[in-house]
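Take a look at the structure below.
Nothing in this text is a laboratory measurement; each read-out follows from the coordinates by a stated rule. On a predicted model such as this, the values are computed, not experimentally measured, just so you know. Virtual Cβ from ideal backbone geometry, glycine too; neighbours counted across all protein chains shown.
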Amino acid sequence: MAKGVRIIITLECTECRTNIDKRSPGVSRYTTTKNRRNTTSRLELKKFCPHCNRHTVHKEIK
């Protein structure tokens, strides 16, 4: 089987991961797709985090 150009990635909230004193346990995660040829670096998007209750930077994790 050949690998496709588009792959599924997971985005994780950077503030939930580093903040110990947050209002609820858990980490906000989103899934999306990216083009492997056009975007070779890790993706960073601002998404809404329900645990932080605001828009934060979500980075691509493995």
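Take peptides 48-55, 34-41 and line them up by average Cβ neighbours within 10 Å, highest first, as a rough protection proxy.
Ranked by mean Cβ neighbours within 10 Å, highest first: 48-55, 34-41.
Among (1) 0.90; (2) 1.07; (3) 0.94, find the value of Rg/Rh (Cα atoms, Kirkwood Rh) that was calculated from the structure presented, and write down its label.
(2)
Obtain the nm distance between the two label points defined at Thr39 and Thr18 by a simple spin-label model: each point lies 7 Å from its Cα along the Cα-to-C-beta direction.
If labels sit at Thr39 and Thr18, their model points lie 2.1 nm apart.
Given the rule -39500 (n - 2.57) for each run of at least 4 DSSP H residues, summed and divided by the residues of the chain, what is its mean residue ellipticity at 222 nm, to the nearest 500 deg cm²/dmol?
Result for the chain, helices only: -1500 deg cm²/dmol.
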